[in-house]
Structure formats: C-alpha cells, structure tokens
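The structure under discussion appears below in the form of structure tokens.
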Amino acid sequence: MTNLADHLRLLKILTPAKLANAAQVYASYYWSKKLGKPMHRGLPMTLSVEPTTACNLRCPECPSGLRSFSRPTGNIQSDFYRQVITEMSDTLIFLILYFQGEPYIHPRFLDMVNFAHQHKIYTITSTNGHFLDEENALKTVASGLDRLIVSIDGSTQEVYETYRKSGNLSKVLDGTSNLINARKKLRAKNPHIIFQTLVFENNRLQIPEIYRLAKKLGVDEVKLKTAQFYDFEKGNPLMPKDSRYSRYKEQADGTYRLKYNLQNQCWKMWHSAVVTWDGKVVPCCFDKDASHLMGDLHHAPFEVIWKSQPYRDFRQAILKGRSNIDICSNCSEGCKVWLPNDF
C-alpha cells in the first residue's frame, strides 16, 4: 500500500496563490495561540460541503442514520455549489464533499466532484460503499476524485451490521472491487482508497482480518478511528474495553470522560469550515445540527462571513475556554482519533 501517487496528485494542484494563503493561515494560527487573541489572515485551506443529509443506513450514533436532525434536511443545489467553489477555488486546497448523509445519494454528486477537480482542488469524500456498482465505479474514477474513504466496521456481516444497520458488507466489498477494477480499466491511480474502521468492542478482534481484506482487494490504506458516542458519560456497550481503542476513560464512579484534556486552541477554526446543503456556514464537523451559525452563503460571500464578528467571537471563545463550548465537549481535535497501523 503506497501513498506516493496520492501525494503527487496533491502537489500538482498547489499554486503560488494556494501556498501563500496557507502560509498566512499557519502564521495567524500560531500568533493567535501565542497571544491568546484571534488573529486571522487568509481564507480556508479546507472546506467541507454537504451534498445531502439523506442516508440509506441507520447507524445509531449518526444524525442521518437516526433521522434526528433539528435542522432542515435536503440536497445541495448544483448552481449554488458551483458558485461557492468558483468563489473559493484560488486559495482552496482540499474539498471534503461530505458532512452528514451518504454523498452518492445526491444525483449530481460525481458532477460536483468533477467541477472541483477542474478547478484544481484536491477532492475527498466518505461513503458507506453501497452505491459503487460497476457504472458508478467507472464514473468515480473518471470524475477525478482524489481520495475515497470507505467505512468498513467489521469483517463479517454479523459484526458489521451491529453498527452499520441495514448495511450489506458483501455489497461494500464488491463495490470496493469495482473501484479497483475501474482504476485498472481506465489506467488511473485515483482515487486513493482507504478502508476506515471505527473501532468498537465487538469488532476490535476483527481488525487483522480487515487488513487482510484490504490487501486482498488492493485497497491503498487502512485507518482505524476511535468512535464518538453522544452520551459517552454513562458508557455504551459498543465502547471498546481496551483503552487503546477508546476516546474515553472510565472514572472511579463508573462514568466516562474524554481521555485527553481539551486545550484552548483549535486548528480547524483557522484552516477550515463547513457548508451545509442549504448554505449555512458552521465552525466544524462537530456542529451536526448547525447550532453555531457563522453566516449564510445565500446572503453574503464566504470571505465576508469568514472575517465576520460571529467568527471572531467564536475563535476568541475557543482561545478563552474551549471546554465551555457545547460542540467541543466531545471533540477529537487534539485527541488521537486515528490509531496506528500495527497489524
């Protein structure tokens, strides 16, 4: 499994304007931490755009799976999406076409990928892998998608469906095989395919087998990720008993807390932002219900929102006391959420 081709694709999209913007972002983040007050130069290097809130699965720790959003749900409009990407393309390096929902459900999803690819932006998405038939696999490769994360939380159907409810592991594996074959057929090296496994108590012993499946299929990389739980204080049957795989630590009274202490800093608030399907700008991927609204792209350009008072106030709140912000209470920023590949 090699990352070389993936790195080379990233290097090809870097321009003087993107690098200059990145330097401003890094410098302003450094000085903000050092001085304890928000300073910001430049625009986001990374943007997450939500194609849809719809999903075919019913995962129990996901708003899409639970159908539990307090905000409106729907699909992003293509014209609006193109407007946002065109506005930000000169400085944007990474576009994550995912927030909530299953991206492939959006009927124009791969057109959206290709539009960003044509604007020399490195594109990433995450999928549950149920829509990768032969036709979609070929279209995915042809779209120019750079990185595809496929969720695979077990090596047997019985374990897999414990979390990926209504999911079919065979369909995911067949879809992955279709992607590998499509790359060969089109003589392409993209997308870089990652098997991502959320480690739970019931699947942690299957991790070696997930690695073997990845190698057999020709997947480029496997990443293990600690699982987030909404009501982690009381524990959860899916929470790994092996502390190496858990984001949480059991206390003497039987309750749980984050294993790592939150620091009053957040790189995400300086280098990235999230846009919901209906144009709302929110701080990060932990604001699943868009409760911390920074602005609306239907009413103001992104740069105006990025430099607005709500953003300045939120960055100041981060630097002053991150533990007082609700969406930060279960945040992985500064925590080790990606686990080492030692299988």
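The values are calculated or read from the model by the stated rules, or taken from the named source; none is laboratory data. Values in this document were obtained by computation on a predicted structure and should not be read as measured data. Reconstructed Cβ throughout: ideal geometry from the backbone, glycine too, with neighbour counts over all protein chains shown. For the accessible areas, the whole protein counts, side chains as well, though only heavy atoms, and no ligand, DNA or RNA atoms are used. Shrake-Rupley method; radii C 1.70, N 1.55, O 1.52, S 1.80 Å.
On the accessible surface of the range 192-236, probed at 1.4 Å, how many percent belong to carbon and sulfur atoms?
After summing per-atom areas, the C and S share lands at 50 percent.
Could you compute the net charge surrounding Lys320? Neighbours are other residues with a C-beta less than 14 Å from the C-beta of Lys320; K and R count +1, D and E count -1.
Result for the neighbourhood of Lys320: +4.
Show that you can apply the helix-only estimate: for the chain, add -39,500 (n - 2.57) for every DSSP H stretch of four or more residues, divide by all residues, and state [θ] at 222 nm to the nearest 500.
-10500 deg cm²/dmol
Dimensions of the chain along principal axes (Cα, Å, largest first)?
56, 50, 37
Find the relative contact order for the chain and round it to a whole percent, using C-alpha pairs within less than 8 Å whose residues are 6+ positions apart.
It rounds to 19 percent for the chain.
In terms of the ratio Rg/(2.2 N^0.38 Å) built on C-alpha atoms, what value belongs to the range 143-255?
1.22
Ordering His298, His40 by how much accessible area each has at a 1.4 Å probe, largest first, what is the list?
Heavy-atom accessible area, descending, gives His298, His40.
Kindly rank 23-35, 127-139 from highest to lowest mean number of other beta carbons found within 10 Å of each residue.
127-139, 23-35
So what is the accessible area of the range 1-108 per residue, in Å², with the probe set to 1.4 Å?
48 Å²
What accessible surface, in Å², does a 1.4 Å probe find on Ser246, ignoring ligands, DNA and RNA and rounding to the nearest 10?
Counting only protein heavy atoms, Ser246 exposes about 10 Å² to solvent.
Let me check I have the definition right: for the range 65-202, take the eigenvalues of the Cα gyration tensor, multiply each by 5, take square roots. What are those semi-axes in whole Å, largest first?
Semi-axes, largest first: 26, 20, 13 Å.
Comparing Thr140, Thr255, Thr91, which has the greatest mean-square fluctuation in the GNM of the chain with Cα pairs linked when under 10 Å apart?
Thr255
For the range 240-315, what does the accessible surface come to per residue with a 1.4 Å probe? Please give it in Å².
Each residue of the range 240-315 exposes 48 Å² on average to a 1.4 Å probe.
Would you please put 315-327, 6-18 in order of how densely packed they are, using the mean number of other Cβ atoms within 10 angstrom per residue and starting with the highest?
315-327, 6-18
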